[in-house]
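Peer 1: Before I ask anything, let me first share the structure, which is written out below as structure tokens.
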């Protein structure tokens, strides 16, 4: 279900914990699985459960508790904008409005061509660089303004 | 964003590639560890040095680190753990990110010394999921330290073995709570545990565990290298050392500033370039979003240390200073903060699970012109019924902003309820 590369990465994570604590690698394993497949289907979570020797329900619990896991399909590029107070003070609402207008979606929605999903995020721990957003969880774009948002969307569209 | 270096945490900032092992070593990095291992310094001497330094936990609670370390059972026969809490997600806080980005080896050396002192053979560094590039950078730094012989078996031929691993979160503020963080490392939902038992007796995998904040652990090498007394003298009595302050919001130059504890707030504000656009300061949240807000006139008289801010009726917390100018509507600001706690409540305790949603909905309707005359009393009651009635401090963290706002800005809320609109015109927020 997962590529040999992904499994090797998961094995590297498992090795960080005591031998009888494979479950500790579940957060990394789900992250690695998500990077490969885009989202976590039940079948994919069942596979991770089996791989780590966990009950499937225990994996679903983790996947639904932490909000960076996609338990439903998302667009090719998931854009998560922080709107918490420090970002808001620096104009996060205008950035969010700009994105909504350009993409024609509200928070929680995916564009019809399945290229973009826009979500509202909570504090990312980088408030000094506000306003900011994450692309597919791992790429942070900081000090946003209108030009930067436009350039980012152009770049992602062509990817 | 700007960074102002200091002697303790950002001591490599003036050098090119400050994050590299060789840069850190050139400033005396790892010399404290080498000395301890060569001299086989007794653990109690190290704890005594940390106590002398008056280092207080930098994650928010301000608990004396030396005292915390002394709680670990000495003669426990099995595994013990040291865990670093780098799950920095309190709105306004972004200092640990810069420590790991610019001086990861200060943290690594601090964790190895902590492991040696507490008898732990392994340590975990739990990193906020949203700063994934920092996690990757820490993975690299750990490898660098391992290759240099500072991590692994028989470190520098001393007979002491210690391994360090990074673990990442993936979007849950609650994991900054230390027992939720342990649950998360164990591969579970991050729901806080009942205390007692405390982690020092029943922690990670049920083993004795000490959990310290990133900045706390990164201060340890300086204390062991230069002495606890010197660290103490950088700050003020009972508030030893320098501290990182993350300044965000309406300032010209947001960023992290390493300054002595006890520095006047007015000076910190100056370092951050003053209020944006030359506007007037309205209010400051001095210690992360859960700290009660303080009006400008109170804040301008404060010094930045645990005791001064507590005396003013708030808390220094993690040192996250959120600055708000005169254009900010406090109802709208509180609405967003209340939504955050509602969203992030883990759902385990009824007062928090139900109360955070209740508070958010009430503030939301006040903001949207549907407030009722009895709403402020209702908010007072709900906040009071959450505080102190939950397993962890998230309940208190959700109640305190509400209580702080109603204490100092009640008139803005009353105006919203009465006139269905904002007292602050042309508000930025």
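Bear in mind these aren't lab numbers, they're just calculated from the coordinates by the rules spelled out. Quick caveat: nothing in here was measured; it's all calculated off a predicted structure. Backbone-built Cβ (ideal geometry, glycine too); neighbour counts: all protein chains shown.
Peer 1: Counting residues in region B:276-429 as N, plug N into 2.2 N^0.38 Å and put the Cα Rg over that result. Kindly include the intermediate steps, with their values, before the conclusion.
Peer 2: Numbers: Rg = 15.0 Å, N = 154, 2.2 N^0.38 = 14.9 Å.
Compared with the compact-globule rule of thumb, region B:276-429 sits at 1.01.
Peer 1: Now for a separate question. Normalising by the residue count of region B:1-158, find the relative contact order in percent from Cα pairs under 8 Å and 6+ residues apart. Don't jump to the answer; show the numbers that get you there.
Peer 2: Values: 170 pairs, mean separation 41.4, N = 158.
Over region B:1-158, the number comes to 26 percent.
Peer 1: Stokes-Einstein D for region B:145-235 at 10 °C, 1.306 mPa s, Kirkwood Rh over Cα pairs, in µm²/s? Could you put the intermediate results ahead of the total?
Peer 2: Numbers: Rh = 15.7 Å.
The Stokes-Einstein estimate is 101 µm²/s.
Peer 1: I need the shape label for region A:59-159. Rule: rounded when a/c is under 1.5, else prolate if a/b > b/c, else oblate, with a, b, c from the alpha carbon gyration tensor. Mind showing how you got there, number by number?
Peer 2: On the way: a/c = 1.79, a/b = 1.14, b/c = 1.58.
Oblate, since a/c reaches 1.5 and b/c is not below a/b.
Peer 1: How long, wide and thick is region B:178-221, going by the Cα atoms along their three principal axes, in whole angstroms, largest first?
Peer 2: 32, 20, 15
Peer 1: Give the separation of the Cα centroids, region B:63-113 to region B:343-369, in Å.
Peer 2: If we compute the Cα centre of each part, the gap is 32 Å.
Peer 1: Contact order normalised by length for chain A, with contacts defined as Cα pairs under 8 Å and 6 or more residues apart; what percent is it?
Peer 2: Details: 214 pairs, mean separation 29.1, N = 159.
Value for chain A: 18 percent.
Peer 1: What's the average, rounded to a whole number, of partner chain beta-carbon atoms within 10 Å of each residue's beta-carbon in B:167-179?
Peer 2: Values: counts 7, 5, 4, 13, 11, 7, 4, 2, 3, 1, 0, 0, 0.
Average neighbour count from other chains, rounded to a whole number: 4.
Peer 1: Give me the three principal axis extents of region B:9-154 from the C-alpha atoms, as integers in angstrom, largest value leading.
Peer 2: Result for region B:9-154: principal-axis Cα extents of 40, 35, 29 Å.
Peer 1: Related question: Return the average number of partner chain Cβ atoms within 10 angstrom of each residue Cβ along peptide A:17-25. Present the calculation step by step, with values, prior to reporting the outcome.
Peer 2: Working: counts 9, 5, 0, 1, 5, 1, 4, 10, 2.
Whole-number average of other-chain Cβ neighbours for A:17-25 is 4.
Peer 1: At a 10 angstrom cut-off on C-beta neighbours, averaged per residue, how do the peptides B:295-304, B:244-253 rank from highest to lowest? Each step should come with its number before you reach the end.
Peer 2: Numbers: B:295-304: 17.6, B:244-253: 25.0.
Ranked from most to least packed, the peptides come out as B:244-253, B:295-304.
Peer 1: Counting pairs of alpha carbon atoms under 8 Å apart in space and at least six apart in sequence, what relative contact order in percent does chain B give? Don't jump to the answer; show the numbers that get you there.
Peer 2: Numbers: 920 pairs, mean separation 69.8, N = 429.
Result for chain B is 16 percent.
Peer 1: How long are the semi-axes of the equivalent ellipsoid of the protein assembly as shown, taking √(5λ) for every eigenvalue λ of the Cα gyration tensor, in whole Å from largest down? Write out the running numbers ahead of the final one.
Peer 2: Numbers: eigenvalues 258, 180, 106 Å².
Here the semi-axes work out to 36, 30, 23 Å.
Peer 1: Taking all pairs of different Cα atoms in region B:259-365, averaging 1/r and flipping that mean, what Kirkwood radius in angstroms comes out? Walk me through the numbers before you get to the answer.
Peer 2: Working: mean 1/r = 0.0669 Å⁻¹.
It is 15.0 Å.
Peer 1: Find the Rg to Rh ratio for region B:383-427, where Rh is the Kirkwood radius over alpha-carbon pairs and Rg uses the same atoms. Each step should come with its number before you reach the end.
Peer 2: Values: Rg = 13.7 Å, Rh = 11.9 Å.
Result for region B:383-427 is an Rg/Rh of 1.15.
Peer 1: A further question on this structure: Return the whole-Å distance between the Cα centroid of region B:1-47 and the Cα centroid of region B:218-238.
Peer 2: Rounded to whole Å, the Cα centres lie 12 Å apart.
Peer 1: Hey, another quick one. Highest GNM mean-square fluctuation, chain A, Cα pairs closer than 10 Å: which of A:104, A:38, A:125?
Peer 2: Per the Cα network of chain A with a 10 Å cutoff, A:125 tops the list.
Peer 1: Which order do peptides B:305-318, A:15-28 fall in by mean Cβ count within 10 Å, highest first? Please list the in-between numbers first.
Peer 2: Values: B:305-318: 20.8, A:15-28: 18.5.
Put in order of decreasing packing, that is B:305-318, A:15-28.
Peer 1: Take every DSSP beta bridge whose two residues both sit in the protein assembly as shown, then give the antiparallel share in percent to the nearest 5. Don't skip to the answer; put the middle values down first.
Peer 2: On the way: 26 of 57 bridges.
Counting DSSP beta bridges with both partners in the protein assembly as shown, the antiparallel share is about 45 percent.
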